[in-house]
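Please read the structure below before turning to the comments.
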Amino acid sequence: MRKTVIILFVLTTFSCSHLVECNQTISGFDLNNPYSETVDFDKFGDYIVYYASRVKGELSGEFFIKDIYQIKAAGKIDTLIRGEHYSNKFNFKYSPIGSVKEDLEFQITLL
């Protein structure tokens, strides 16, 4: 039991999950036009193995994230997309399908 506590302490101490800099927010672009951005996490080294992408806000419409994840809603949305990621750069890509209204925030976290 003591080893488990020590391992959890070490992981939370040295991972960047508790640092604000490990979370990058993307917002303020026109939701009706395609948008892409490379989010740079260089200062955290090369040991990144996981990403989490959270989409929050109000939505009326449909879009793709990274040409893979299709999101469609009418109202409040809070969606989390997770997966393996072995780079300190994250290529964010947004592609609307038709008209998209309201306001969204995209938060990228690399661990």
Which number in (1) assigned to a strand (DSSP E or B); (2) in contact with a Phe, Trp or Tyr (Cβ under 9 Å, 6 or more places away or on another chain); (3) surrounded by 12 or more Cβ atoms within 10 Å (Cβ to Cβ) marks the one condition that G61 misses?
(2)
Under the condition of being modelled with pLDDT of 70 or more and of a type in the set (S, T, Y), which residue from segment 1-34 is farthest from the chain's Cα centre (by Cα)?
S27
Among the residues that make up segment 57-75, is at least one of them in contact with a helix residue (DSSP H, G or I) (Cβ under 8 Å, 6 or more places away or on another chain) and touching a residue at least 40 places away in the same chain (Cβ under 8 Å)?
no
In the set K93, K56, K76, which member is basic (K, R) and either buried (at least 16 other Cβ atoms within 10 Å of the Cβ) or modelled with pLDDT under 95 (or both)?
K56
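Does N33 count as out of contact with any His (no Cβ under 8 Å at 6 or more places or on another chain), touching a residue at least 40 places away in the same chain (Cβ under 8 Å) and not in a strand (DSSP E or B)? I'd like the intermediate steps shown before the answer.
Values: out of contact with any His (no Cβ under 8 Å at 6 or more places or on another chain): yes; touching a residue at least 40 places away in the same chain (Cβ under 8 Å): yes; not in a strand (DSSP E or B): yes.
Yes, satisfied.
Let's see how each residue does on (1) more than 20 Å from N23 (Cα to Cα); (2) at pLDDT 95 or above; (3) among the aliphatic types (A, V, I, L, M); (4) surrounded by 15 or more Cβ atoms within 10 Å (Cβ to Cβ):
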position: S36; (1), (2), (3), (4): no, yes, no, no
position: K43; (1), (2), (3), (4): no, no, no, no
position: Q70; (1), (2), (3), (4): yes, yes, no, no
position: G83; (1), (2), (3), (4): no, no, no, no
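The values are calculated or read from the model by the stated rules, or taken from the named source; none is laboratory data. Being a predicted model, the structure only gives us computed values, none of them experimental. Because the Cβ atoms are built from the backbone with ideal geometry, glycine has one as well, and the counts that use them run over all protein chains shown.
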